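Notes follow once the structure below has been shown.
The values are calculated or read from the model by the stated rules, or taken from the named source; none is laboratory data. Quantities reported herein were computed from a predicted structural model and do not represent experimental measurements. Here the Cβ positions follow ideal geometry from the backbone for every residue, glycine too, while neighbour counts run over all protein chains shown. Heavy atoms of the whole protein, side chains included, go into the accessibility calculation; ligands, DNA and RNA do not. Shrake-Rupley method; radii C 1.70, N 1.55, O 1.52, S 1.80 Å.
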Amino acid sequence: MKIPFARPYLTGNEQKYINDILTNIRNGAQTSGDGPYGKKCEQFMEEKFGARKVLLTTSCTSALEMATFLIGIKPGDEVIMPSFTFVSTANPVVMAGGIPVFVDIDPDTLNIDPEKIEEAITPRTRAIYPVHYAGVSCAMDEIMSLAKKHDLWVVEDAAQGVGARYKGKYLGTIGDFGCYSFHETKNITCGEGGALVINRDDPKLVERAEIIREKGTDRSKFHRGQVDKYTWVDIGSSYVISEILSAFLLAQLEALDEINLKRMDVWNEYAERLRQFEASGIIRLPVIPDYAEHNAHIFYILFQDQDARDRVMMRLREAGIHAVFHYIPLHSSPVGLMKNGAGLNLTVTDRVSNVILRLPVFSGMSKEETERVIFEIINLL
């Protein structure tokens, strides 16, 4: 029996909602974006998360690109972010001509270290892009305080944090913008998808976000009957998710709490059974601060050295268990070295990248599958 790293969880309504569209196409059912299912998804998140405005996008990458457009990053502007993140955090900044300023992470949470943020702020700094790694919240009070002090934008990369909270507030609703992912590997999925959360009380910001999302046109106003025709009024791209994907996503969102609780059962079983090896110093398990209510997106192990990590990862794969590592730190990647990464000494980031191993976690993971992963790991430690 092979155990994948991730497997999407089906609630039972995904096919029902998609079939509703397919069987009504002749009656005018919409398959392009911003249809009834897309609107229901946005409304669900606005009400559930207490978000001011949510716009579905084709990916979290798209949401980050939109946020970068909206805050007006220009050539030479600096944006502070962790190096320990996926490339989508940095790409929009580079595409806009900005400079990603990579800083180190906290050794406990593996999230961006607020002290390192403050040290990196210069007169050219325009924004902070905190990443909620593994669905565990960054120290947002400290980050928001720094942003207010230095008049900086905050864009939360909450790709992994859908449904997780910081001091009772849902991730993605704390900074000026939040960006979600509904990729196949995420807790809530539609294969490929995302959302931009706009938290500033600024109608003009929402209006411009709608224009950017609709290829630079005021098409959203046209659909609402506010204009009798639409035209090209700003920069933009094709960031609207299809109605079919939105239908799939709605079924997932409606079961958000159930999905995250099922993942939490797996996460807690790993933590309980492997705690003895942390106590003996062989490995280190995730640290969850008191302020964080995580969503069990990732369960990872930190080994003492890279050789131990690689040995266990290889043996697990030989046993049919897909355990993986990440990330190659952005500052040491080929593009990162050309974009302000050369010469950086990010000791925590480099070490974590070398010794981290992520175990399979998904909502439909059976007790048998969980037990088998634990059995194999215990035999290897």
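The calculated 222 nm mean residue ellipticity attributable to helices in the chain amounts to -11500 deg cm²/dmol, summing -39500 (n - 2.57) over DSSP H runs of n ≥ 4 and dividing by all residues.
From the alpha carbon centroid of the stretch 1-50 to that of the stretch 212-248 is 19 Å. Scanning residues 5 or more positions from residue 193 or on other chains, those with amide H under 5 Å from its amide H are 60, 182, 183, with H placed 1.01 Å from N in the peptide plane.
Seen from residue 222, the other residues with C-beta closer than 10 Å to its C-beta sum to a net charge of +1, counting Lys and Arg as +1 and Asp and Glu as -1. Among 201, 176, 265, the residue with the largest mean-square fluctuation in a Gaussian network model of the chain, with springs joining Cα atoms closer than 10 Å, is 201. Rolling a 1.4 Å probe over the protein heavy atoms of the stretch 313-381, with every protein chain left in place, gives an accessible area that is 57 percent carbon and sulfur.
Take every DSSP beta bridge whose two residues both sit in the chain, then give the antiparallel share in percent to the nearest 5. Walk me through the numbers on the way to the answer.
Working: 24 of 39 bridges.
In the chain, DSSP labels about 60 percent of beta bridges as antiparallel.
Its alpha carbons give the stretch 1-75 an Rg and a Dmax of 17.0, 52 Å.
Taking the centroid of alpha carbons for each part, the stretch 302-381 and the stretch 77-137 are 21 Å apart. Pairs exceeding 32 Å between alpha-carbon atoms, taken from 16/367; 16/262; 40/367; 116/186; 74/221: 40/367.
By the scheme Lys and Arg +1, Asp and Glu -1, what is the net charge of all other residues having a beta-carbon under 11 Å from that of residue 5?
In short, +3.
Of 358, 126, the order by accessible heavy-atom surface (1.4 Å probe, DNA, RNA and ligands excluded), from most exposed downward, is 126, 358.
One quarter of the surface of the convex hull around the alpha-carbon atoms of the chain equals 19.6 nm², the direction-averaged projected area.
For the stretch 1-159, DSSP calls about 10 percent of its internal beta bridges antiparallel. For the stretch 222-277, which whole percent of the accessible surface, found with a 1.4 angstrom probe, sits on carbon and sulfur atoms? Heavy-atom surface of the stretch 222-277 belonging to carbon and sulfur, 1.4 Å probe: 53 percent. Considering the stretch 91-191 at the alpha-carbon level, its Rg and Dmax are found to be 13.6, 41 Å. For the stretch 171-267, trypsin sites (Lys or Arg not before Pro) meeting the loop criterion (DSSP other than H, G, I, E, B) and having at most 10 other Cβ atoms within 10 Å: 224, 229.
For the stretch 143-261, the solvent-accessible area with a 1.4 angstrom probe is 42 square angstrom per residue. For the stretch 1-53, the solvent-accessible area with a 1.4 angstrom probe is 63 square angstrom per residue. Other residues within the sphere of radius under 13 Å centred on the Cβ of residue 102, judged by their own Cβ, net out at -3 (K and R +1, D and E -1). Relative contact order of the chain: 23 percent, from C-alpha pairs under 8 Å at least 6 residues apart in sequence. Computed on the stretch 179-228, with alpha-carbon pairs under 8 angstrom and 6+ residues apart, the relative contact order is 20 percent.
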